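Inspection log for the structure reproduced underneath, given as structure tokens.
The values are calculated or read from the model by the stated rules, or taken from the named source; none is laboratory data. Since this is a predicted model, take the numbers as computed values, not measurements. We place every Cβ from the backbone using ideal geometry, glycine too, and count neighbours over all the protein chains shown.
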Amino acid sequence: MDADHQLRVAILAGDGIGPEVMGPCLEVLDAALGGGADGLALTSHEAGAGCYRRHGDALPAATLEAARVADAILLGAMGDPRVRYPDGTEIAPQLDLRVELGLYAGVRPVRVIPGLPPVLAATAARALDFVVIRESTEGLFTSRGRGTVTTDEAREQLVITRPTSERLFDFALRLGEQRRAQGFQGRVTCVDKANVFRAFAFFRQIFDERAAAYPQLNADHAYVDAVALDMVRRPWRFDVLVTENMFGDILSDLGAGLMGGMGMAPSADIGDDHAVFQPCHGSAPDIAGSGRANPTAMFLSAAMMLEWLAERHGRPPLATAAGRIRAAVDRTFAEAKLLPVELGGDAGTAAISTVVLHFIATDGVAPC
């Protein structure tokens, strides 16, 4: 493989709390990689609502080019409800990156972190570990910036194509196979609304065609409304859920709620050649500068990035570093008993970052 050169990571800190969680995340990356793991070459680039306000461009050509040549992109948060395009929509260059780089697989892990107050009372819900795979380049989002509005009517178009759906389902089925080897259910569920819309009947048909090559998996279907119900009633029955863009947008936020909130939820948008890693939360301008932002999702997104780079480039030390980060995060809440502000505690950005760094640096020795 290509183990002799540094891997290039484009850093897009973004807006609001984005820079506030990115700073400690880079410290966590440095600490986790300090044990002789392969190096990363990090470069920072401008994008987002603030960039648009300053330069009239939310995703400058230089930033997009840096993203194209990078081995991975690590993103903080982008957007500000107070800064909008002339058509009234929000600044969202992270969506532009998905389309420009062909990032069709939005990976949204739902894993309850030990030590945090349970959202659901059922004992089984305290060990949740499943994944929502959201198609990220088409579906209803195809109409972004293209919808038509008249005095009496507004129209948006949903688009589902065979090539993108095949790649999406192959990705989800491979993940199901990997998770089965790790002891999970090996269940991959296509989430759709095939009983009403032809587009989703087509979506389901393609899923069945691709799933036929994975007879060892339990490949099934569910309507999106039933999945929303069961994500609250019995989410432990899920393993890998794969769905359209808008449905995935909604269900992944519900999954974040099961974990305790957006501050706990990491994500990745992955294509054949590129990947962006970012927390699920937005820029939260209402708390920017207050020190209350939870950096956990940012740290876990960085761990996802290291694992992806390790697999893609044949660098096991990066996967080891990812494990250090994840273990340190778990122990921060399970053993140090920190409680983030959004869950009713008083642990903000600095407190959580300090304890995570402590656990990484001391190989898991609890702080005094």
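Here are some notes:
- Test result for residue 177, under 14 Å from residue 135 (Cβ atoms), charged (D, E, K, R) and either surrounded by fewer than 15 Cβ atoms within 10 Å (Cβ to Cβ) or not assigned by TED's automatic domain parsing to the domain that holds residue 102 (or both): no
- Whenever a residue of the range 69-82 is at positive phi, its partners that are among the charged types (D, E, K, R), lying with C-beta atoms within less than 8 angstrom and at least six residues away or across chains, give the pairs 79/15; 79/90.
- Tabulated pairs, the range 209-223, first over 14 Å from residue 239 (Cα atoms), second aliphatic (A, V, I, L, M) and modelled with pLDDT of 95 or more, C-beta under 6 angstrom, 6+ apart or interchain: 211/219; 214/173
- For the range 150-174, the set of residues classified as of a type in the set (Ser, Thr, Tyr) and modelled with pLDDT under 95 consists of 150, 151, listed by residue number.
- When the range 73-95 is filtered for residues that are surrounded by 24 or more Cβ atoms within 10 Å (Cβ to Cβ) and more than 20 Å from residue 282 (Cβ to Cβ), nothing remains.
- Only residues that are more than 11 Å from the chain's Cα centre (by Cα), touching a residue at least 40 places away in the same chain (Cβ under 8 Å) and surrounded by fewer than 24 Cβ atoms within 10 Å (Cβ to Cβ) were counted across the range 256-291, and they come to 17.
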